[in-house]
Every structure is written in structure tokens, then in C-alpha cells.
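S.K.: If you scroll down you'll find the structure; I have some questions about it.
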């Protein structure tokens with residue numbers, strides 16, 4: 001895709017996010033299965049449902065803009081997920097693995113926060129108020145997930161990993 005305008009860049013960012021969400025949908029069930037802590041397992045399972053909604057939201061945005069949400073492969077997310085998959089193959093104490101899974105998940109969340117924040121700003125600049133609102137909703141959800149993972153890490157997982 002040739003990037004001549006901010007709209008072109010915006011569409012490419014939306015496609016990157018769409019690809020990222022598709023990859024996350026595939027990865028989250030494996031992360032939930034690998035987690036030993038019930039709170040963490042539940043967080044991953046609930047985030048899967050949220051991610052499916054976020055993907056649908058991106059499809060709605062693409063439809064409103066008259067663009068195809070697919071067409072790009074998010075290599076950044078591919079790398080983050082690959083790191084998480086490598087971690088799950090390690091011979092690790094379950095509590096230590098849970099701490100590592102949180103690290104991997106938060107890297108994913110931070111990547112998404114950066115992408116959705118940028119896309120929301122582009123939408124605002126381009127005058128797409130409704131799209132901006134939808135992207136802000138997802139951005140807030142990603143921030144809430146990040147905070148939830150931090151709470152689970154600080155209150156439960158990391159102390160348990162310390163005593164492993």
C-alpha cells in the first residue's frame with residue numbers, strides 16, 4: 001500500500017491492529033491453558049471475549065470507512081506472541097511461568113495501547129468522531145486489562161513466584 005496521506009497511514013494502522021487482534025484470539029486460549037493461577041486463567045479467558053469484540057469493532061470501523069480491515073500481517077504482534085510461546089515451552093515452576101505469562105501479556109497490551117492510541121488520534125485528526133469514540137473504547141479496555149494483570153501480578157502471582 002502506498003502511503004500518500006494520513007488516511008492511508010490510518011487505514012494501514014487499522015489493518016495492523018486487525019491482524020494483531022486475530023493473532024491474539026489464537027494465542028489467548030493457549031495462554032489460559034498454560035496458566036496455573038485461577039485469577040490469571042480467568043483474566044485470559046475474559047480477555048479473549050473482549051478481544052473478539054474488539055475485532056468486531058474494527059470490522060465496524062472498516063465498514064464505516066469503506067475499507068478492508070485485512071490485508072496486512074502484524075509482524076510486531078507475531079514477534080510478541082512467539083516470545084510468549086517460547087516461554088510456555090520452558091521447564092518452569094508454575095508460579096514462575098504465571099509471572100512470565102503476565103509479562104508476555106502486558107507486552108501485548110502495551111503494543112495494542114500504542115496502536116489504538118495512534119489510530120484514535122488519526123481518526124480525530126481526520127474528523128471521524130464516531131470512529132474515534134470506538135477506538136477510545138478499545139483503548140480504555142486495553143488499559144483496564146493491563147491494570148488487571150498488574151494487580152494479579154502484584155497481589156498474587158509475583159509473591160507466589162518469589163517463594164517458588
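S.K.: Give me the pairs: first residue in the stretch 110-137 and part of a loop (DSSP other than H, G, I, E, B), second residue surrounded by fewer than 17 Cβ atoms within 10 Å (Cβ to Cβ) and at pLDDT 95 or above, beta-carbon distance under 9 Å, and six or more apart or on different chains, which are they?
M.R.: Once the first residue is part of a loop (DSSP other than H, G, I, E, B) and sits in the stretch 110-137, its partners that are surrounded by fewer than 17 Cβ atoms within 10 Å (Cβ to Cβ) and at pLDDT 95 or above give 126/6; 126/7; 128/64.
S.K.: Considering (1) over 15 Å from residue 17 (Cβ atoms); (2) within 16 Å of the chain's Cα centre (by Cα), say which one residue 135 fails and leave the rest.
M.R.: Going through the list (1) over 15 Å from residue 17 (Cβ atoms); (2) within 16 Å of the chain's Cα centre (by Cα), residue 135 breaks only (1).
S.K.: When the residues of the stretch 70-102 are narrowed to those that are part of a helix (DSSP H, G or I) and free of Cβ contacts under 8 Å to residues at least 12 places away in the same chain, which ends up farthest from residue 158 (Cα to Cα)?
M.R.: As a first pass, look at the stretch 70-102 and keep what is part of a helix (DSSP H, G or I): 75-88, 94-102.
Applying the additional criterion that residues be free of Cβ contacts under 8 Å to residues at least 12 places away in the same chain yields 75, 79, 82, 86.
Values: 75: 30, 79: 25, 82: 23, 86: 20 Å.
By that ranking, first place goes to 75.
S.K.: With the condition kept exactly as written, say whether any residue in the stretch 33-50 is at positive phi and either in contact with a strand residue (DSSP E or B) (Cβ under 8 Å, 6 or more places away or on another chain) or not in a helix (DSSP H, G or I) (or both). Write out each step before concluding.
M.R.: We begin by selecting, within the stretch 33-50, every residue at positive phi; these are none.
Taking every residue of the stretch 33-50 in turn, none turns out to be at positive phi and either in contact with a strand residue (DSSP E or B) (Cβ under 8 Å, 6 or more places away or on another chain) or not in a helix (DSSP H, G or I) (or both).
S.K.: If you don't mind, another one. Which of the following residues is under 20 Å from residue 3 (Cβ atoms), in contact with a helix residue (DSSP H, G or I) (Cβ under 6 Å, 6 or more places away or on another chain), surrounded by 19 or more Cβ atoms within 10 Å (Cβ to Cβ) and at pLDDT 95 or above: 149, 58?
M.R.: Values: 149 fails: under 20 Å from residue 3 (Cβ atoms).
When all the criteria are applied, what remains is 58.
S.K.: Then there's this: Would you say residue 40 is more than 13 Å from the chain's Cα centre (by Cα), surrounded by 13 or more Cβ atoms within 10 Å (Cβ to Cβ) and either closer than 28 Å to residue 9 by Cα or modelled with pLDDT of 95 or more (or both)? Reasoning before the result, please.
M.R.: Details: more than 13 Å from the chain's Cα centre (by Cα): yes; surrounded by 13 or more Cβ atoms within 10 Å (Cβ to Cβ): yes; either closer than 28 Å to residue 9 by Cα or modelled with pLDDT of 95 or more (or both): yes.
In short, yes.
S.K.: Within the stretch 141-161, is there a residue that is in contact (Cβ under 8 Å) with a residue 12 or more places away in the chain and over 30 Å from residue 95 (Cβ atoms)?
M.R.: Of the stretch 141-161, the ones in contact (Cβ under 8 Å) with a residue 12 or more places away in the chain are 141-143, 145-146, 148-150, 152-153, 156-158, 160-161.
Among the residues that remain, those that are also over 30 Å from residue 95 (Cβ atoms) are: none.
Within the stretch 141-161, not a single residue is in contact (Cβ under 8 Å) with a residue 12 or more places away in the chain and over 30 Å from residue 95 (Cβ atoms).
S.K.: Here's another thing I want to ask about it. Considering only residues that are farther than 20 Å from residue 108 by Cβ and surrounded by 15 or more Cβ atoms within 10 Å (Cβ to Cβ), which ones fall in the stretch 127-146?
M.R.: In the first step, residues of the stretch 127-146 are kept if they are farther than 20 Å from residue 108 by Cβ; the result is 127-134.
Matches in the stretch 127-146: 128, 131, 132, 134.
S.K.: In the stretch 51-69, which residues are more than 18 Å from the chain's Cα centre (by Cα), assigned to a helix (DSSP H, G or I) and without any contact (Cβ under 8 Å) to a residue 40 or more places away in the chain?
M.R.: The answer is 63, and nothing else.
The values are calculated or read from the model by the stated rules, or taken from the named source; none is laboratory data. For clarity, every value in this text was computed on a predicted model and none was experimentally measured. Here the Cβ is made from the backbone with ideal geometry for all residues, glycine too, and neighbour counts use every protein chain on show.
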